[in-house]
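Working notes, structure below.
The values are calculated or read from the model by the stated rules, or taken from the named source; none is laboratory data. Predicted, not measured: the structure shown is a model, and the values here were computed from it. Note that each Cβ is placed from the backbone with ideal geometry, even for glycine, and that neighbours are counted across all protein chains shown.
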């Protein structure tokens, strides 16, 4: 597979393509304080049984398990296994594990893609927007709206603090709808990098045969690794996948995502550039002058920030 990689102010993005089909969409923000794979010194702040809290890189993280010979106050190396999940309802700290070393930075998005066996092709910061042409904007719209259409129906996706819930909606023969939806669910899980617990609400199907057909499609098409239950009589299926990185559905809801998307568009313009957006987006950017300077360097002209409450998600244009 080919991964188109784009480096923009504040974030790297990539789409993994099979011909003209978008299989995966990735974003790695440069302001992530504890990226997965980072190995760095951490001080054990406190411990309670097998769990502990460590301080590293100006952040706190959960250490599990705590080595029995690691006393509070001592500094050792840890590896970040899972990033923090700030969902606004039940924020979760990053998770780390003790590591023997040596210390090292987290793998870049390019390194992660290469390790997965993809051929990485760097997309220039100027010229045609190849990520948009490949479907990046479509994937972002899916993640924001929670609506994913497939032939004969649609998936309605909702992220909750406990799990991601997918509802299957559509008309016609319920068995055919459910089989098509199963393929769409698998493609969605891969495209958006969904991990953790997932519950899918299919239509209720009469008889074991139609339910078994849906189970077989999921077993064959879901990205590995995963565990799943068989569909029950109410049409519910539970899927569990490892959660190493935040998926796109979580990323689009993080503060700053809209601002970083605007900078991605702005970098392809030439000369003085004007960025209009609602106040929260402008305020987020104004507090990060380094990103504004980087954008100006790429365009060859200053970047003006303008508050516009009616600008929706914002837009950019040449001044």
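Would you please name the residue that is farthest from residue 185 (Cα to Cα), looking only at residues in the stretch 127-145 that are in contact (Cβ under 8 Å) with a residue 60 or more places away in the chain and not in a helix (DSSP H, G or I)?
Per the criteria, the residue is 127.
Working carefully through the options 178, 186, find the one that is under 18 Å from residue 248 (Cβ atoms) and in contact with a helix residue (DSSP H, G or I) (Cβ under 9 Å, 6 or more places away or on another chain).
The unique qualifying residue is 186.
Please determine, by comparing only the residues of the stretch 127-152 that are surrounded by 15 or more Cβ atoms within 10 Å (Cβ to Cβ) and at positive phi, which one is modelled with the lowest pLDDT.
Checking each candidate, the answer is 152.
Filter the stretch 117-126 for residues that are in contact (Cβ under 8 Å) with a residue 60 or more places away in the chain and either assigned to a loop (DSSP other than H, G, I, E, B) or surrounded by 15 or more Cβ atoms within 10 Å (Cβ to Cβ) (or both) and give the result.
117, 118, 120, 123, 125, 126, listed by residue number.
Strands (runs of 3 or more DSSP E) wholly in the stretch 200-319 with at least 3 residues that are touching a helix residue (DSSP H, G or I) at 6+ places or on another chain (Cβ under 9 Å), surrounded by 13 or more Cβ atoms within 10 Å (Cβ to Cβ) and outside the structural domain of residue 185 (by TED's automatic domain parsing) - which ones?
Fully inside the stretch 200-319 and qualifying: 273-277, 303-307.
If we keep just the residues of the stretch 187-199 that are at pLDDT 95 or above and in a strand (DSSP E or B), which is surrounded by the most Cβ atoms within 10 Å (Cβ to Cβ)?
198
What tally of residues in the stretch 228-246 results from selecting those that are within 21 Å of the chain's Cα centre (by Cα) and either modelled with pLDDT under 95 or over 25 Å from residue 217 (Cβ atoms) (or both)?
Total satisfying the criteria: 5.
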